[in-house]
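Notes follow once the structure below has been shown.
The values are calculated or read from the model by the stated rules, or taken from the named source; none is laboratory data. None of these values were measured; they are calculated from a predicted model. Positions of Cβ are generated from backbone atoms using ideal geometry, with glycine treated the same way; all protein chains shown enter the neighbour counts.
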């Protein structure tokens, strides 16, 4: 008999979709290919929300990178860890194009992804940048 696993904050289908989208974005950037190519190479089917997040983020990359560059006072976008960059891109895409997702959810999910896949400091950094950007784009 297996014990039920303890749910984490954000442990649901939407959180899982964000995580998977970040992985696809990271892989696409690392391989210098389009995210579509990464998605097509998947053996298992890719959820509709994952595709929306990954492709939408890629389509908005110029806009999101401009915002990251503007609000990141200590690091250039090129010096940021690639995982942090892609977490920020995804979150900013959601802030810009998914008004149905509350700001607090977008920021909390991004911070949790940064803590999980990068460093504790990355979580704080992501939180600061997204909080500032959210004040501008979600008034």
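The residue of the range 44-67 that is nearest to residue 17 (Cα to Cα), among those that are exposed (fewer than 11 other Cβ atoms within 10 Å of the Cβ) and either at pLDDT 95 or above or under 12 Å from the mean Cα position of the chain (by Cα) (or both), is 48. For the range 90-107, the criterion of being on the phi > 0 side of the Ramachandran plot, modelled with pLDDT of 95 or more and surrounded by fewer than 19 Cβ atoms within 10 Å (Cβ to Cβ) is met by none of the residues. Scanning the range 1-35 for residues that are over 19 Å from residue 112 (Cα atoms) and either at pLDDT 95 or above or buried (at least 16 other Cβ atoms within 10 Å of the Cβ) (or both) yields a count of 9.
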